[in-house]
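**Q** This structure is in structure tokens; I'll ask about it shortly.
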């Protein structure tokens, strides 16, 4: 009887081994393991600093730099810089232009120059320095919309492009196309 169990057990083990070998040979090949690499570290920012700064130019700044960092890289502001019109705490983007405006001179009146904008199409109104009365000289801009433009500029900082006017409530693509040749961003 022991012989019978031994033969039976040997046959069972041989059958299991053969089945395992057959499964191993017929199973699909396994792919190479996936290697995970860390995400590439983004490089530094290139920022153009212009306007009322000591050394205007293009500066290389670390990621997550703010406007104040760019101003310091440009040697600081000039005496006539109007820093209240720039959000120096905003984070910069690669390729951005940071313009530091000059304070208007006391004896010059920007308001008296505003009507000349409509007479001479070569003169464009800077939407970053214009006050509401100057903005109202533009076609389709009334007191309410002029105030919205100024409030948006005060809340979000200076406009980086004319197209940013689309973010102001009340200005759509058609109105922007009407204004595009009459305005600029400095």
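The values are calculated or read from the model by the stated rules, or taken from the named source; none is laboratory data. All values derive from a computational prediction rather than experimental measurement. All Cβ positions, glycine included, derive from the backbone under ideal geometry; neighbour counts span all protein chains shown.
**Q** Condition test on residue 56, is it under 56 Å from the mean Cα position of the chain (by Cα), closer than 13 Å to residue 100 by Cβ and surrounded by 10 or more Cβ atoms within 10 Å (Cβ to Cβ)?
**A** Working: under 56 Å from the mean Cα position of the chain (by Cα): yes; closer than 13 Å to residue 100 by Cβ: yes; surrounded by 10 or more Cβ atoms within 10 Å (Cβ to Cβ): yes.
For residue 56, the condition - under 56 Å from the mean Cα position of the chain (by Cα), closer than 13 Å to residue 100 by Cβ and surrounded by 10 or more Cβ atoms within 10 Å (Cβ to Cβ) - is met.
Residue-wise test of (1) at pLDDT below 90; (2) in a strand (DSSP E or B); (3) outside the structural domain of residue 128 (by TED's automatic domain parsing).
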{"residue": "35", "(1), (2), (3)": "yes, no, yes"}
{"residue": "38", "(1), (2), (3)": "yes, no, yes"}
{"residue": "55", "(1), (2), (3)": "no, no, yes"}
{"residue": "59", "(1), (2), (3)": "no, yes, yes"}
{"residue": "68", "(1), (2), (3)": "no, no, yes"}
{"residue": "71", "(1), (2), (3)": "no, no, yes"}
{"residue": "75", "(1), (2), (3)": "no, no, yes"}
{"residue": "84", "(1), (2), (3)": "yes, no, yes"}
{"residue": "93", "(1), (2), (3)": "yes, no, yes"}
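**Q** Next up: Scan the stretch 31-47 and give yes if some residue there is surrounded by 13 or more Cβ atoms within 10 Å (Cβ to Cβ) and under 20 Å from residue 127 (Cβ atoms), otherwise no.
**A** Within the stretch 31-47, the first condition is being surrounded by 13 or more Cβ atoms within 10 Å (Cβ to Cβ), and the residues that meet it are 45-47.
This time we only want the ones that are under 20 Å from residue 127 (Cβ atoms), so: none.
No, because not a single residue in the stretch 31-47 is surrounded by 13 or more Cβ atoms within 10 Å (Cβ to Cβ) and under 20 Å from residue 127 (Cβ atoms).
**Q** Inside the stretch 105-133, can you point out the residues that are in contact with a strand residue (DSSP E or B) (Cβ under 8 Å, 6 or more places away or on another chain) and either at pLDDT below 85 or surrounded by fewer than 11 Cβ atoms within 10 Å (Cβ to Cβ) (or both)?
**A** Our first condition is that a residue be in contact with a strand residue (DSSP E or B) (Cβ under 8 Å, 6 or more places away or on another chain); within the stretch 105-133, this holds for 114, 117, 124-128.
Listed by number, the residues that qualify are 114, 117, 124.
**Q** Residue 25: outside the structural domain of residue 157 (by TED's automatic domain parsing) and surrounded by 13 or more Cβ atoms within 10 Å (Cβ to Cβ), yes or no? Let's see the steps before the verdict.
**A** Values: outside the structural domain of residue 157 (by TED's automatic domain parsing): yes; surrounded by 13 or more Cβ atoms within 10 Å (Cβ to Cβ): no.
It is false that residue 25 is outside the structural domain of residue 157 (by TED's automatic domain parsing) and surrounded by 13 or more Cβ atoms within 10 Å (Cβ to Cβ).
**Q** Same structure, new question: If residue 155 satisfies all but one of (1) surrounded by 12 or more Cβ atoms within 10 Å (Cβ to Cβ); (2) at pLDDT 85 or above; (3) within 18 Å of residue 82 (Cα to Cα), what's the number of the condition it fails?
**A** (1)
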